[in-house]
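Have a look at the structure below before the remarks.
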Amino acid sequence: MKPTYARFDGLDEFERFYREEIVSALRSDPTVDLDPTHETPTYAWLKSNYSGFVERLRRDYELSPGQFYDEVGLPPEKLDDSADWGLDHDPTVQALEDYLEELERDRGRAATTVEPRRSRLKTYATTYRATNGTGDLLTPLLDETAKPDEIARVRDTFRVLDDELGTLASKKKYVSAVKNWYTFLVEMGRGIYNPAENLLNRFGWDEDPRYDHPALSRDDLAALLEVADADSRFLLLALAGWGLRPVEACELHVEQLVLDPEEGDVPHVAFEAGERKNARRTRNTVEMLVGVDAVRERIDALSDRDGWTGYLLPGQSPDRPISTATARRWIRELGSQANVRIDGGHPLPKMGRRTWYRLYRQQRPSIEAGTAAVAAAQGSRDAGVSDRNYLDERTRRQARADAMRELVRDELAAIFEPYL
């Protein structure tokens, strides 16, 4: 009897099925040469044997198999660092670890950014070894005469990955991770050329990808708000009104809110250094241009609950927030009640952030123009350097708010205000 993935309720059931069924199938499959105690199957094998499993994770949980493994802690046991890369060439392993360490320590990348890079680089390195018969990815980079052959080896590796990776967006992420690692090696004097330099063009992957989940439209958002209760309305406010990521919205805490800022500043959500994905070591903030009064009212209401510990979306246990799985279920149920379908499927929390981000992209030229003006006034030809080195977070926050305020109010405030 085929498994009824549609009846799975939460990632714990997917994890249980993986451990009980998929691991057993891996052990009994004579074509599979891996130890599921330490390793996970290739995407191609999982898709071929459990396509419904893969599709349900993608559609309802926005997770690739690799992201699912990270989310639930698979495989059960990790090997040591060298073996975990699947390579027998210690200098290559060290070069990979050095790059990831620089990302986290020197560039201030959050763990949510570094770990996906690690996963992609591991997949690339092990595929390179299997395709080319060697785990030494460094030696050819120091020999100019080896350049044509090494470019061909990298190309052959990505031909294999082309068959295993799903979407164009995923392929571009892998190329980016690999290309940036090779750039790091060149900059550190461990290579004299980048063999992945022109991969996107050569494979025809340089077009803009079509992402799986578009933004909610104004009508979609209004319809969801109309059937929502107080909790799910607040979730929609955090996602679409402020542009928070789903996990950030779920785990939002009262101590992160600055509702009464200094004169000239705007109400905002404040994240600690490195707390947000892609955040550097500077503090990172998100402006609240709609719904500030509703936040105050929500805090007053939650303050009366026994055991409330400050989470704006408390879960069944008041000392913990709701999970992203709960958020997905709320939005999915709202979509069913409001008869909202997006590209034939249920609405998802990520679509709320994309609603906000669509507005941000419209105003990005205005924001960059303001930064360029400051750079020019300071005698800098590089607006990016001026932004990073001379503008404090409050100034950047004000610039973003000034550019976004009118558009957010026109597009979003009129939708939210009747329900907040």
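What follows draws every value from the coordinates through simple rules; no lab data is involved. The structure displayed is predicted, hence computed values, not measured ones. Cβ atoms come from the backbone with ideal geometry, glycine included; neighbour counts cover every protein chain shown.
Between Ser303 and Lys122, the modelled label-to-label distance comes to 4.7 nm, taking each label 7 Å out from Cα in the direction of the beta carbon.
Taking amide H as placed 1.01 Å from N in the peptide plane, Met288 has its amide H under 5 Å from the amide H of His268, Val269, each at least 5 places away in sequence or on another chain.
Over 28 Å, how big is the tail of the calculated P(r) for the range 5-203, in percent of all Cα pairs? All intermediate terms of the calculation are to be shown ahead of the outcome.
Numbers: 5717 of 19701 pairs.
That fraction is 29 percent.
Take each peptide in 172-180, 284-292, 409-417, count the other Cβ atoms within 10 Å of every residue, and average; sorted highest first, the result is 284-292, 172-180, 409-417. Residues in the range 320-326 carry Karplus couplings, in order, of 10, x, 5, 8, 5, 5, 5 Hz; the curve used is 6.51 cos²θ - 1.76 cosθ + 1.60 with θ = phi - 60°, and Gly or Pro positions show x.
Evaluating 6.51 cos²θ - 1.76 cosθ + 1.60 at θ = phi - 60° for every residue in the range 189-203, the Karplus couplings come out as x, 9, x, 10, 7, 10, x, 9, 4, 10, 4, 4, 5, 5, 9 Hz, glycine and proline recorded as x. Coupling constants for the range 298-315 follow from the phi torsions by the Karplus curve (6.51 cos²θ - 1.76 cosθ + 1.60, θ = phi - 60°), and in residue order they are 5, 4, 4, 5, 5, 4, 7, 7, 5, x, 5, 10, x, 6, 6, 10, x, x Hz; glycine and proline get x. Between Gln94 and Arg27, the distance separating the two model label sites (each 7 Å from Cα on the Cα→Cβ line) works out to 3.8 nm.
With contacts taken as Cα pairs under 8 Å and at least 6 residues apart, the range 5-203 reaches a relative contact order of 17 percent.
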